[in-house]
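Student: Take a look at the following structure, please.
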Amino acid sequence: MTDEREIKRIQNEDGTKRVSIMARTDGHYRFVEDSYLSEDGYTFWTPTHWSGVYETAEMAENDAKSILPWLREINSN
C-alpha cells in the first residue's frame, strides 16, 4: 500500500473547492479535488476529482490547472 501526504493545497476564493497535491511514498505524485457541499442540513468536504499518477509535483499541479476550470481562474488573476 502506498501512503501519501499533502504537500500543497490551493483553495478557491469562496472556500467551496480545494485541490491538494499529494506526494506518495513511491516517489510519485497526484492531485485530489474536494468540494464543500451542503446536503440534508449537513456540510462536508467530499472528493470530486482524483488524478492519475505523475512523476513530479509540478506535473500534477499543471494537469490540475488544465482540468479544473476554477483553478485556471485563480491562476489567471
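Student: Within segment 1-23, can you find the residues that are within 11 Å of D34 (Cα to Cα) and of a type in the set (A, V, I, L, M)?
Tutor: I10, V19
Student: Residue check: is S20 out of contact with any helix residue (DSSP H, G or I) (no Cβ under 8 Å at 6 or more places or on another chain) and either modelled with pLDDT of 95 or more or not in a strand (DSSP E or B) (or both)?
Tutor: Values: out of contact with any helix residue (DSSP H, G or I) (no Cβ under 8 Å at 6 or more places or on another chain): yes; either modelled with pLDDT of 95 or more or not in a strand (DSSP E or B) (or both): yes.
So S20 fits the description; yes.
Student: Let me ask you something else. How many of the residues making up segment 28-77 are among the small types (G, A, S) and in a loop (DSSP other than H, G, I, E, B)? Step through it out loud before you land on a result.
Tutor: The initial filter retains those residues of segment 28-77 that are among the small types (G, A, S), namely 35, 38, 41, 51-52, 57, 60, 64, 66, 76.
Going one step further and asking which of them are in a loop (DSSP other than H, G, I, E, B), we end up with 41, 51-52.
Qualifying residue count, segment 28-77: 3.
The values are calculated or read from the model by the stated rules, or taken from the named source; none is laboratory data. Remember, predicted model here, so these are calculated numbers, not experimental data. Neighbour counts are summed over all protein chains in view; Cβ atoms, including those assigned to glycine, are modelled from backbone coordinates with ideal geometry.
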